[in-house]
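Take a look at the structure below.
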Amino acid sequence: MQIFVDILIMIVILGVLISLHEAGHLASAKLFKIYCFEYSIGFGPKLLKVRRKGGETYFSIRAIPLGGYVSMYGEEGAVPEGEEEPAKERSLESKPLWQKLIVFVAGVTVNYLLGLILIFIAVSVFPTYYNGWGYLTPTSGEPLSSAYAPLTLDSASDLYNQVRAALAARDSSLTPEDHLLYAGTVYTFQDGELQYQYQVLDGMVEMEHQKSNGSYEAIGKFAVVYGPDALTKAHDLASDLALFPIIEGEETDPRYAEVGIPNQIDFAGKSQFTLKDAVGEGSYRFKMKLRFLPKLGGDATRPIAASSFAESWDKRVEIEQTVQNKDGVWASFGAQIDVLAIRNSWSEAWEEWAYRVPWANIAIFKGLASIFTSGISNLSGIVGMTAQVGAVMAMGGASMIFLYAGLISINLAIFNLLPFPGLDGWQILVGTIERIIKRKINPKVKGIVSYIGLGLLVLLAVAVTIKDIIGLF
């Protein structure tokens, strides 16, 4: 059922983005009285083609949903069969360069502005979901960047009883419910141009595997990382952990060591266990430290402030918890991470928008640049984008869907500005060249080059689609 929802969402997103892109071309062409034969969503065989009585432009939907077009008089190609040739002054070619450039750039302008609007809707209208509170990495010598997750402990679990007993031994009036889970130092890992951040719960555990005689043997040292796949619903902590191998002999910053990360972690390592899946035959187990920090002041809606971290850390409760796998299933130990959804204030929404917009632009340019270094491996087509919809929704609901649509819209705008045959950027380039050389380029030559460009774009789309389909299996 989810796949059908994902497909429907992607159809709506692409339908809106493409139709508005072409509407930008159509509206600007009509503004300058350029005759438009057809406004089409998609390419190839027509599924629907209508024209209002007395109108001049057909509105159509075609079978291949890889874009759209507005067929204007004066572009490459003859007047469509059955249509009378309009007056010459209504030709695109009869218009001054500045008007033609506005027509060519109107579609990408609409998409870019729409992307900005969609991103703002994402950060202002809907709540943002988090896997924990935290504060940014401060300068050297100050407390480490940290994260805290709101949680519910099963009152019947051994873990709950251990925390309660530890508090009673300390003669504390606090209860387990007064605590947040220390969801780990936000540990930054740099891999070339990519930067990842992980919430490390325990920087050193030893994985054990049960042998056929019932005894356990150590098979390696790992760091335990909290990384949920979904934030829109509460989830069991055990099901959202992953282990990465330790690089023994490579120590970390002393401040990391103080909070349980003594060695560097091989985040790029291939040998990692994902606790959501079976890791092999037999039983596995490891012991990890879970740290519970008091919510100073009892405020459950905001994180522990950086200035209060030392005090909260000194009052932490540390419990050693055994995590077990049997027959491919990792057993719950009674810790559930709660949903954390916060709506931005008006000022916070603008701050978030100001961060997201440059991020979206940079991500797109990096993606385009990667074509020359990694081929199409980092590109996604309709299949790949649709496959991501479910994961995007799980991490933020409507907010992430609008953010995703905004990213695609800006992507569409920037991609169409490339000076490649068949794209808007190519039309802008040709028009500018014609103005510089003060003569028209042979229409047949322009038509052939444009058709070749469109063919290459279709081949690229097919190749990316095949790659995406293979990646699903």
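Values for this structure:
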{"read-out": "Amide H within-cut-off set for Ser146, under 5 Å, with H built and near neighbours excluded", "value": "Tyr135, Val186"}
{"read-out": "R0 of 25 Å, Cβ-Cβ distance Ser332-Gln388: FRET efficiency to nearest 0.05", "value": "0.30"}
{"read-out": "Placed amide H near Phe420: partners under 5 Å, 5+ positions off or other chain", "value": "Gly425, Trp426"}
{"read-out": "The chain: relative contact order as a whole-number percent, Cα under 8 Å and 6+ apart", "value": "18 percent"}
{"read-out": "Computed magnitude of the charge dipole of the chain (debye, nearest 20; Cβ of K, R +1, Cβ of D, E -1)", "value": "2280 debye"}
{"read-out": "Computed lengthening from Ala363 to Asn161, 0.36 nm per intervening residue step minus Cα-Cα distance", "value": "68.0 nm"}
{"read-out": "Theoretical FRET efficiency, 1/(1+(r/R0)^6), r = Cβ-Cβ of Lys88 and Ala463, R0 45 Å, to 0.05", "value": "0.60"}
{"read-out": "The chain: DSSP helices with Cα axial extent of at least 27 Å and average Kyte-Doolittle hydropathy no lower than -1.0", "value": "2-31, 97-124, 346-374, 382-416, 443-471"}
{"read-out": "Net length gained if the chain between Val445 and Arg51 were fully extended (0.36 nm per residue, minus Cα distance)", "value": "138.7 nm"}
{"read-out": "Within the stretch 405-473, trypsin sites (Lys or Arg not before Pro) in DSSP loop having at most 15 other beta-carbon neighbours inside 10 Å", "value": "Lys438, Arg439, Lys440"}
{"read-out": "Ellipticity estimate at 222 nm from DSSP helix runs (n ≥ 4, -39,500 (n - 2.57)) divided over the chain, nearest 500", "value": "-14000 deg cm²/dmol"}
{"read-out": "Modelled FRET efficiency - R0 25 Å, Ser173 with Glu318, Cβ distances, 0.05 increments", "value": "0.80"}
{"read-out": "For Gly67, residues with placed amide H under 5 Å, excluding near neighbours", "value": "Gly42, Phe43"}
{"read-out": "Computed lengthening from Ser212 to Glu348, 0.36 nm per intervening residue step minus Cα-Cα distance", "value": "43.3 nm"}
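Throughout, read-outs are computed from the coordinates displayed, never taken from laboratory work. Source: prediction; values computed, not measured. Glycine gets a Cβ as well: all are built from the backbone with ideal geometry, and neighbour counts include every protein chain shown.
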